[in-house]
Amino acid sequence: MGDRPDRGRGAGPDHRFHKGDRLPHEWRSRQHLLNDWHAHHLKRPPRGYHWVHTGPDYVLAAIATGVIAQIILSQ
C-alpha cells in the first residue's frame with residue numbers, strides 16, 4: 001500500500017493512503033473520525049461512509065471495509 005511512486009502523493013502523515021486502498025484499522029478509531037465534517041468544509045459523507053482525519057489530510061472511507069473512496073490533501 002502506498003509504496004508505488006507512480007501513484008503520486010497520498011493522504012496521511014506519511015502520504016501512504018491512496019484512493020482504493022484500505023485504511024488501516026488503527027486509523028478507523030473514534031479519535032480519527034470526523035463528525036463535524038461541515039466545519040471542515042467537507043461534503044456530507046454518503047450513507048455507509050465517514051470522513052477520517054489523517055494528520056493534515058482527510059479521507060472518505062467505507063465504514064464496513066475501510067476502503068478509501070476519496071482523499072482531500074492539505075496544501
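The values are calculated or read from the model by the stated rules, or taken from the named source; none is laboratory data. Bear in mind that the values here come from a model prediction, so they are computed numbers and not experimental data. For accessibility, only protein heavy atoms count, side chains too; no ligands or nucleic acids. Shrake-Rupley method; radii C 1.70, N 1.55, O 1.52, S 1.80 Å.
How long is the gain from L42 to K19 if the chain were fully straight, where each residue apart is worth 0.36 nm and the alpha carbon distance is subtracted?
6.6 nm
Write down the accessible area per residue of the chain in Å², having rolled a 1.4 Å probe over the full set of protein chains.
It amounts to 66 Å² per residue over the chain.
Would you rank W27, W51 by solvent-accessible area, highest first, keeping every protein chain in place and using a 1.4 Å probe?
W27, W51
Which value, in Å² rounded to 10, gives the accessible area of S29 with a 1.4 Å probe and all protein chains present?
40 Å²
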